[in-house]
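Let me begin by presenting the structure, written as structure tokens, before commenting on it.
The values are calculated or read from the model by the stated rules, or taken from the named source; none is laboratory data. Because the structure is a prediction, the values reported are computed rather than measured. For neighbour counting, all protein chains shown are included, and Cβ atoms are generated from backbone atoms with ideal geometry for every residue, glycine included. For accessibility, only protein heavy atoms count, side chains too; no ligands or nucleic acids. Shrake-Rupley method; radii C 1.70, N 1.55, O 1.52, S 1.80 Å.
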Amino acid sequence: MSAVIPDNLKNLLERPLIVAFATSNPDGQPQVTPVWASLEGDQVWINSAVGRRKDRNIRANPKVTVLVIDPQNAFHWAEIRGEVVEFDESDAALAHINKLSGMYAGNDDYYSFNPEGKGKEQRVIYKIQPTRVNGM
């Protein structure tokens, strides 16, 4: 069952705030990574590289959680539980990481920050459909 992110929480994902992205390791231990994220329609999109720990975790268990806290107001936060409903490994994944790079770092060339990955990694967008949203 899908959940909707309320308007009063959407601004947390429309700003360049680092989010905590939680997946589950094969032994069940949570694995949390600070990442960039974007709100695209009613989905949260996270971008990574194929083969990383979080990528392997999501492919085995697509249930994930995103937590974002407003650094100016700790009482303004959102926890979004959901499921990765699509893995997009097309050219759109490179465009998305460059969009995030522009939003978060002011430079729309992600590989200017990560030159060792250029041409060596396959980018992927995890399209997360929320199933439960908590926050204030």
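Considering every residue within region 73-83, establish whether at least one is assigned to a loop (DSSP other than H, G, I, E, B) and closer than 18 Å to THR23 by Cβ.
Taking region 73-83 and keeping what is assigned to a loop (DSSP other than H, G, I, E, B), we get 73-76.
Retained after the next criterion (residues that are closer than 18 Å to THR23 by Cβ): none.
No: region 73-83 contains no residue that is assigned to a loop (DSSP other than H, G, I, E, B) and closer than 18 Å to THR23 by Cβ.
Within region 114-136, which residues are among the basic types (Lys, Arg) and out of contact with any helix residue (DSSP H, G or I) (no Cβ under 7 Å at 6 or more places or on another chain)? Working first, answer last.
Keep residues of region 114-136 that are among the basic types (Lys, Arg), which gives 118, 120, 123, 127, 132.
Those that are among the basic types (Lys, Arg) and out of contact with any helix residue (DSSP H, G or I) (no Cβ under 7 Å at 6 or more places or on another chain): LYS120, LYS127, ARG132.
Could you tell me whether region 75-84 includes any residue that is of a type in the set (D, E, K, R) and more than 13 Å from the chain's Cα centre (by Cα)? There is no residue in region 75-84 that is of a type in the set (D, E, K, R) and more than 13 Å from the chain's Cα centre (by Cα).
Taking region 108-134 as the range and being in contact (Cβ under 8 Å) with a residue 60 or more places away in the chain, touching an Asp or Glu at 6+ places or on another chain (Cβ under 9 Å) and open to solvent by less than 40 Å² (accessible area, probe 1.4 Å) as the test, the residues that pass are ARG123, VAL124, ILE125, TYR126, LYS127, ILE128, GLN129, PRO130, VAL133. The single condition among (1) in a strand (DSSP E or B); (2) in contact with a Pro (Cβ under 6 Å, 6 or more places away or on another chain); (3) farther than 17 Å from SER24 by Cα that ARG132 does not meet is (2).
Kindly indicate whether PRO16 is touching a residue at least 60 places away in the same chain (Cβ under 8 Å) and within 12 Å of PRO130 (Cβ to Cβ). In short, no.
Looking for something in contact with a Leu (Cβ under 8 Å, 6 or more places away or on another chain), assigned to a strand (DSSP E or B) and either of a type outside the set (A, V, I, L, M, F, W, C) or open to solvent by 60 Å² or more (accessible area, probe 1.4 Å) (or both) - is there at least one such residue anywhere in region 86-107? Spell out the reasoning first.
Narrowing region 86-107 to residues in contact with a Leu (Cβ under 8 Å, 6 or more places away or on another chain): none.
No, because not a single residue in region 86-107 is in contact with a Leu (Cβ under 8 Å, 6 or more places away or on another chain), assigned to a strand (DSSP E or B) and either of a type outside the set (A, V, I, L, M, F, W, C) or open to solvent by 60 Å² or more (accessible area, probe 1.4 Å) (or both).
Which residues, taken from region 48-64, are closer than 21 Å to GLN129 by Cβ and among the charged types (D, E, K, R)?
Going residue by residue through region 48-64, those that are closer than 21 Å to GLN129 by Cβ are 48, 50, 54-64.
Result: LYS54, ASP55, ARG56, ARG59, LYS63.
Among residues of region 57-76 that are closer than 24 Å to LYS127 by Cβ and touching a residue at least 12 places away in the same chain (Cβ under 8 Å), those with a beta-carbon under 8 Å from a residue that is basic (Lys, Arg) and surrounded by 15 or more Cβ atoms within 10 Å (Cβ to Cβ) at least six positions away or on a different chain give the pairs LYS63/ARG81; VAL64/ARG81; THR65/ARG81. Taking PRO16 as the residue in question, decide whether it is assigned to a loop (DSSP other than H, G, I, E, B) and under 14 Å from the mean Cα position of the chain (by Cα). Considered against the rule, which asks whether it is assigned to a loop (DSSP other than H, G, I, E, B) and under 14 Å from the mean Cα position of the chain (by Cα), PRO16 comes out as yes.
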